[in-house]
């Protein structure tokens, strides 16, 4: 008989194993490992709860929720971020998924929560059947596609410098600048000092005033992206690029079944979305990736994000995911605001 409960730290190893048994298919097939501490990424997301399904003492399913503050229509709003929905292969045709969703739903209703967000790999329709046609609960709604761009590390030529980038520290001016930028996004992060811990910060300034900022984070101690398979076309491309990378000053590309060394652009903002500054910042991150032996710089952007126009011509590998949002209190006005705005998601925490 399957039973359900909240996870505890003693469940760490089983949750790591369950996560590693799941993957995402595509031209580049991936799995995300969570070694050595499954709960570390959850702590980075916010106050979190993990619900698990057990067959006797074996965890066969999980789902997590993390509480965050985000901007909706420029106002700070609590958000429940649903993630880590995993079911062991032998149990996927039963009712475990529905029961886990019900456990999660009962929890968020008990604390009076309203807005919830989830994202899934584009083309992965299986999770959607758990999110529709549930009794007395509104459906999740699609808010569009997020592109997760992987920029290859590249050595930067010094004579291309157009701006001076200053490596800095967390400051009230930086927090204010980032919040003024991200409050214009729907579900944009409310930036706090805690969210900038263990990050690297770079700014462009004029007369000591920040006009652009980039926050980089290495999350490999909390999660590892592992390539499990590639199509023959992608395999040919990767092998060809590997042969010429050293001549072109590009980072080494990932190896199958080994974690990808990757650094994330967690936040990237500039005054009036200045295209030259955005590209300059991204290329600076690519240079850091090259110098520190990362394969990629990763950044997520919604399909409507104007930053997409700033990166035209920069070679990248791109994955797609679908954002889903739900108002448990059926606040249709709030959902429409999100759907008609430009959504944001921090893919360093996915």
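For this structure, a couple of remarks:
- Where strands (runs of 3 or more DSSP E) sit wholly within the range 24-133, those with at least 2 residues that are more than 26 Å from residue 254 (Cβ to Cβ) and either touching a strand residue (DSSP E or B) at 6+ places or on another chain (Cβ under 6 Å) or modelled with pLDDT of 95 or more (or both) occupy 47-55, 58-72, 75-87, 115-121.
- Of all residues in the range 228-248, those satisfying the criterion of being farther than 30 Å from residue 19 by Cα and surrounded by fewer than 13 Cβ atoms within 10 Å (Cβ to Cβ) are 240, 243, 244, 246, 247, 248.
- Residues of the range 1-23 classified as in contact with a helix residue (DSSP H, G or I) (Cβ under 6 Å, 6 or more places away or on another chain) and in a helix (DSSP H, G or I), total: 3
- Residues in the range 205-224 that are surrounded by 20 or more Cβ atoms within 10 Å (Cβ to Cβ), closer than 27 Å to residue 341 by Cα and in contact (Cβ under 8 Å) with a residue 40 or more places away in the chain: 212, 213, 214, 215, 216, 217.
- When residues in the range 137-155 are screened for being modelled with pLDDT under 95 and surrounded by fewer than 18 Cβ atoms within 10 Å (Cβ to Cβ), 6 of them pass.
- Lone qualifier among 290, 296, 315, 344 - being in the same structural domain as residue 42 (by TED's automatic domain parsing) and under 27 Å from residue 227 (Cα atoms): 344
- Residues (outside any strand (DSSP E or B) and over 21 Å from residue 245 (Cβ atoms)) located in the range 284-315: 303, 304, 305, 306, 307, 308, 309, 310, 312
- Qualifying positions in the range 159-191 - in contact (Cβ under 8 Å) with a residue 60 or more places away in the chain and not in a helix (DSSP H, G or I): 162, 163, 165, 183, 184, 185, 186, 187, 188, 189, 190, 191
The values are calculated or read from the model by the stated rules, or taken from the named source; none is laboratory data. Given the structure is predicted, the values throughout are model-derived calculations rather than measurements. Heads up, the Cβs are rebuilt from the backbone with ideal geometry, glycines too, and the neighbour counts pull from every protein chain shown.
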